[in-house]
1. Looking only at region 8-51, how many residues end up being at pLDDT 90 or above and of a type in the set (D, E, K, R)?
2. Hey, can you tell me all the residues within region 52-65 that are surrounded by 13 or more Cβ atoms within 10 Å (Cβ to Cβ) and either part of a loop (DSSP other than H, G, I, E, B) or at pLDDT below 95 (or both)?
3. Would a scan of region 66-80 turn up a residue that is within 23 Å of Asn2 (Cα to Cα), among the β-branched types (Val, Ile, Thr) and modelled with pLDDT of 95 or more?
4. Please determine whether any residue of region 106-129 is touching a Leu at 6+ places or on another chain (Cβ under 9 Å) and at positive phi.
5. Kindly check whether there is at least one residue in region 97-112 that is acidic (Asp, Glu), at pLDDT 95 or above and in contact with a helix residue (DSSP H, G or I) (Cβ under 8 Å, 6 or more places away or on another chain).
Amino acid sequence: MNKKVLTLCIIHDHPKVLLGMKKRGFGAGFSKEKQGLGSGIWNGFGGKVEEGESVEDGAKREVFEEAHLKAIDMEKMGTIDFEFLGDSQKLEVHIFKVSSFEGEPAESDEMKPQWFHVNDIPYSKMWPDDKYWLPLFLEGKKFRGKFVFMGQDNIIEHKLELV
């Protein structure tokens, strides 16, 4: 099984979080009943780490490309391994909290950013694993996890622990 290293950044300016509506790429063709009127799902900002790039540098680059923000204070909060039945590629996702940044969020060709109050996070229009780990993230807890999916919206196995 080969592994792909990815990043995911949640911009957290308490009591708000900045999420992006996924417009293209992985997650854009999510199950239609979850999407509502959007073209994708709400997610943090991130993507694959390029060859020769550190995980942190990849995370900062993705935030800039997808939301036009320069991440200043960034803290690693967790790592989650994802497997999708029938797919030989395993995803290792490094999750970061961005607590300060420069710039104003702006739409890119991949993401449309929007602020949400922490009490109004649209979990029903996000990846189904988010409801498990995002509350820990918002409480400032660090974690490690694994999720196994059948398709894109059916979790068949999961493990999440504090570190």
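1. The number of residues fulfilling the criteria is 5.
2. The answer is Glu53, and nothing else.
3. Checked against the condition, which is being within 23 Å of Asn2 (Cα to Cα), among the β-branched types (Val, Ile, Thr) and modelled with pLDDT of 95 or more, region 66-80 yields at least one hit.
4. No; the residues of region 106-129 include none that is touching a Leu at 6+ places or on another chain (Cβ under 9 Å) and at positive phi.
5. Keep residues of region 97-112 that are acidic (Asp, Glu), which gives 102, 104, 107, 109-110.
Checking which are at pLDDT 95 or above leaves us with 102, 104, 107.
Going one step further and asking which of them are in contact with a helix residue (DSSP H, G or I) (Cβ under 8 Å, 6 or more places away or on another chain), we end up with none.
There is no residue in region 97-112 that is acidic (Asp, Glu), at pLDDT 95 or above and in contact with a helix residue (DSSP H, G or I) (Cβ under 8 Å, 6 or more places away or on another chain).
The values are calculated or read from the model by the stated rules, or taken from the named source; none is laboratory data. These figures come from a predicted structure and were not determined experimentally. We place every Cβ from the backbone using ideal geometry, glycine too, and count neighbours over all the protein chains shown.
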